[in-house]
Amino acid sequence: MHDYLMSLLLGIVEGLTEFLPVSSTAHLRIAEALLNVSLSSGYWKMYTIVIQLGAILCLPVYFRQRIAKFLSTFPKGERGDRTLATHPLSLTLVAFVITAIPAYLLTKIIGKHLESLYIMGSSLVIGGIVMWVIDAMNARWEASGPGASGSRIKIWHMEDMKIGQAIWIGACQILSAVFPGTSRSMATIAAGQLAGMSRASALEFSFFLSIPTMAAATGYELLKSLRGKGENPIGVSQIDAHGWIVMAIGFLVSFIVAYGTVAWFMAWVRHRGFAAFAVYRIIAGVAVLVWISRIAG
């Protein structure tokens with residue numbers, strides 16, 4: 001397969017799956033096996049970092065107005081009822097810090113040993129079941145809307161979050177760093193719903209939290225690779241014109257597809273919830289497990 005076409009396909013896979021609760025890591029590994037390309041080799045590892053950065057970039061662009069509003073009203077918030085510790089930007093930072101250090105240490109210790117299709121397939125299935133159950137628990141109250149008596153949903157807008165919820169979501173996000181296939185998006189959304197947040201508020205906070213989380217993770221990997229450290233590093237001087245074009249295609253495609261996916265996902269969740277993605281995870285996970293069992297057999 002021509003490199004340009006391969007880059008187009010991988011960019012689409014990354015853009016579609018990075019922010020959906022289906023695990024982009026698992027889908028890239030599946031694509032790696034189907035396309036017969038080693039994404040762990042020097043150049044292609046750099047390529048995966050670049051296309052992930054393309055997907056990340058879509059978030060500050062998509063949420064530019066929300067971010068500008070948060071910055072202009074910091075720290076008191078739009079209604080004047082927030083503090084330095086409870087402003088949405090502060091809560092995003094709290095959740096990020098809770099995730100960053102433990103995830104970094106655990107990934108260095110055990111994470112690299114869990115990057116197998118078996119682990120990813122199992123994580124897809126387990127995560128799908130967890131997401132389905134949690135979303136079903138909240139479905140009745142989502143339909144009732146704010147103010148319903150006895151509702152387990154207490155937070156309908158990201159601006160009303162509490163610091164305890166941010167800490168809880170940050171802690172749950174660690175799972176996605178340690179167990180590939182769990183999905184960072186799935187872990188944070190499900191954690192938010194368990195903490196009494198609505199689908200829309202949990203999803204929006206998940207998007208905001210992914211900006212520093214993913215920027216730090218991919219930026220760190222990119223820096224290591226450029227400095228000749230880590231596994232299979234590659235320097236800028238080793239990439240020719242053809243290689244840069246391939247990367248540029250993947251970056252641009254990933255950005256465009258991710259932007260469209262985020263816009264569509266926000267609208268979908270408000271009316272239909274996460275059940276469809278839970279079912280997809282289970283089906284995809286079972287398919288992966290059956291596939292690798294046949295290969296092994």
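The values are calculated or read from the model by the stated rules, or taken from the named source; none is laboratory data. Everything quoted here is computed from the prediction, not taken from an experiment. Glycine gets a Cβ as well: all are built from the backbone with ideal geometry, and neighbour counts include every protein chain shown. These area figures cover heavy atoms from the full protein model, side chains too; ligands, DNA and RNA do not enter into them. Shrake-Rupley method; radii C 1.70, N 1.55, O 1.52, S 1.80 Å.
Can you show me the helix-derived [θ] at 222 nm for the chain, built from DSSP H runs with n ≥ 4 at -39,500 (n - 2.57) apiece and divided by the number of residues, rounded to the nearest 500. Don't skip to the answer; put the middle values down first.
Working: 11 runs with 216 residues, N = 297.
Result for the chain: -25000 deg cm²/dmol, rounded to the nearest 500.
Over the chain, accessible surface divided per residue gives 47 Å², non-protein components excluded, 1.4 Å probe. Rolling a 1.4 Å probe over the protein heavy atoms leaves TYR4 with an accessible area of roughly 80 Å². Placing +1 on the Cβ of every Lys and Arg and -1 on the Cβ of every Asp and Glu, with nothing else charged, gives the range 57-193 a dipole about its Cα centre of roughly 240 debye. Apolar share of the accessible surface for the chain: 68 percent from carbon plus sulfur atoms, 1.4 Å probe. Considering only GLN238, ILE51, GLY127, the residue lying farthest towards the positive end of the dipole of the chain is GLY127, judged by Cα position with unit charges set on Cβ. Basic side chains Lys and Arg get +1 at the Cβ, acidic Asp and Glu get -1 at the Cβ, and with that the dipole of the range 150-212 about its Cα centre reaches some 160 debye.
How do ILE163, ILE292 rank by accessible surface area computed with a 1.4 Å probe, from largest to smallest? Show your work: numbers first, answer last.
Working: ILE163 75, ILE292 35 Å².
The ranking, largest first, comes out as ILE163, ILE292.
Taking a temperature of 4 °C and a viscosity of 1.567 mPa s, what whole-number D in µm²/s does Stokes-Einstein yield for the range 44-104 with Rh from Kirkwood over alpha carbon pairs? Value of D from the Cα-based Kirkwood radius: 95 µm²/s. A simple spin-label model places the labels of ALA216 and LEU8 3.8 nm from each other, with each point 7 Å out along Cα-to-Cβ.
Within the full protein context, the accessible area of SER72 is estimated at about 90 Å² for a probe radius of 1.4 Å.
Taking 1 over the mean of 1/r across every pair of different Cα atoms in the chain, what Kirkwood radius in Å do you get?
19.8 Å
Given a 1.4 Å probe and the protein chains as shown, MET6 ends up with an accessible area of around 10 Å². For ASP240 and ARG64, the difference between the fully extended length at 0.36 nm per residue and the C-alpha to C-alpha distance is 59.9 nm. Whole-Hz Karplus values for the range 94-102 come out as 4, 4, 5, 5, 4, 7, 4, 5, x Hz, taken residue by residue from phi with 6.51 cos²θ - 1.76 cosθ + 1.60 and θ = phi - 60°; glycine and proline positions read x.
A straight chain from TRP268 to ALA148 at 0.36 nm per residue would run longer than the Cα-Cα distance by 40.9 nm. Relative to the longest principal axis of the Cα atoms of the chain, the long axis of helix 3-17 makes an angle of roughly 20 degrees.
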